[in-house]
Structure formats: structure tokens, C-alpha cells
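Shown next, in C-alpha cells, is the structure this report addresses.
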């Protein structure tokens, strides 16, 4: 099965910083990748699908890129409400594996 | 806007069984793949199972194969997860989720993927 590895596992950044999260697949998955945000105690929320397509209603400071095995989620200007865990997920074929997550905090 | 409401979570003894339900509204349930995703306390998300719109295809994570069964009733707009031979490792919040469908212009075909609507989750605790 394809493994999904996210890095870093956690990060702390200042409000207004540009933040980049990475997700790596152990084999190529084309662009069949989604990113989710889960705030503490809340339900996960879809941010991006097809590696770079922003889900309706998601702020434009979020963007995704990549194809094949390497993907990134970028927050162009970190806001206090972005404190959350972020997960990538592959869906090219079963199992639809999630990465282990990256926890983003405010410095 | 889609709404999903899970129920059925409970405290169950190791080796026991439980059936989760997910009632949906606000979208044409019979036109969507559906999924179950779980999250153990303090841990990350784990995909559990998928089911096709008409129930003809089902997929499971290896750790639940042979123990869990995903099913659906399109007349009732409901999704189910029958869980047998439960162990402590199955303790988690279980979410039902709708699979989104989109057109991949680069590939020139439609794609099922990503979860655009989630329920609030139901807690399953396996303990003696």
C-alpha cells in the first residue's frame, strides 16, 4: 500500500507568516490528493482536492500544489484562526490513506 | 447543503459488536459514494471503508477487513457500519463522510475523491 508522510509533524509560526506543509506519497498518485483542516474539537474540513483545487468557501490564503509523489499546502499569511491540524489524503485507489498530520500553532 | 448525523456509538466489551448509522439529508444520497473515517483519541484520521452509490462496490482498510461491513439503504438515505469482533484498537470517533465528484479536465473524465461533507461523529469505546 502507498504510504503518506507529512512534514513537519508540528510547526509554530507568527501571524502573517507564510507557512508550507509537505506531504509525500511513497508511490506516484498523480494529483489525487486532498488536504483537510481539523481545528481542536471540531470535524475535519475539506480545503483542497485534486492537489490544487480550492474547495468552495475556503479562504484564498490557502493553496495547494504538486503531482506524483510530492505535494505542498501553503498558507500565504497565517491567521490565528488557522491553528489546527492539517491532513493530506490520497484517493487514487483504495486504501484512501491519510498522512499522520501536521499541527500548526501560533508563535 | 448536505447534513450527516451519525448514531449508534457506545461502550462495548472486547469481542462485541456494534452497528453505526448515518442519516443524511440535503443531497441526493443515492448519487454519491460514501465513506466511514475514524479517529482514535488524540490521534490522526484513518479511512475505514467506502461504498459505491448502488452498494455494488465496497472497500476496506486492511485492519477491519472481515470484521466490519459497510452498507447503505438508498430508500432511507442512510449509511451503516456493522462492526464485529471489536478490539481496543477500534476505540475512536467514527465519522461518516460524503465523497465528492468532480471533472478532471486534464484526464477528461470524472473522479470520485475527497470528503466534502462530514457528520459530527459518534464515539465507540471498546473496553471491559
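Read the figures in this text as sums done on the coordinates, not as results from a lab. Since the structure is predicted, the reported quantities are computational estimates derived from the model, not experimental observations. Quick reminder, even Gly has a Cβ in these numbers, built from the backbone with ideal geometry, and neighbours come from all protein chains shown.
Structure notes:
- Kirkwood estimate for chain A, i.e. one over the average of 1/r between Cα atoms, Å: 13.6 Å
- Span from the region B:93-111 Cα centroid across to the region A:61-107 one, whole angstrom: 17 Å
- Cα-projected label distance for residue A:67 with residue A:22, points at 7 Å along beta-carbon direction, nm: 2.1 nm
- Per residue of peptide B:111-121, the mean number of Cβ atoms on other chains within 10 Å of the residue Cβ is 6.
- Taking other C-beta atoms within 10 Å as the exposure proxy, B:76, B:1, B:6, B:46 rank B:1, B:76, B:46, B:6 from fewest upward.
- Chain B: relative contact order as a whole-number percent, Cα under 8 Å and 6+ apart: 34 percent
- Cα point-scatterer Debye curve for region B:60-128, base-10 log of I(q)/I(0) at q = 0.27 Å⁻¹: -1.28
- Kirkwood Rh in Å, taken over all unlike Cα pairs in the protein assembly as shown: 18.2 Å
- All Cα pairs of chain B, percent lying beyond 22 Å: 33 percent
- Full extension of the chain segment joining residue B:104 with residue B:67 gains 9.8 nm, where the gain is 0.36 nm per residue of separation less the Cα-Cα distance.
- Estimated FRET transfer efficiency when R0 is 30 angstrom, pair residue B:82-residue A:93 (beta carbons, to 0.05): 0.80
- Separation in nanometres of the label points that stand 7 Å from Cα toward Cβ, at residue A:12 and residue A:107: 1.0 nm
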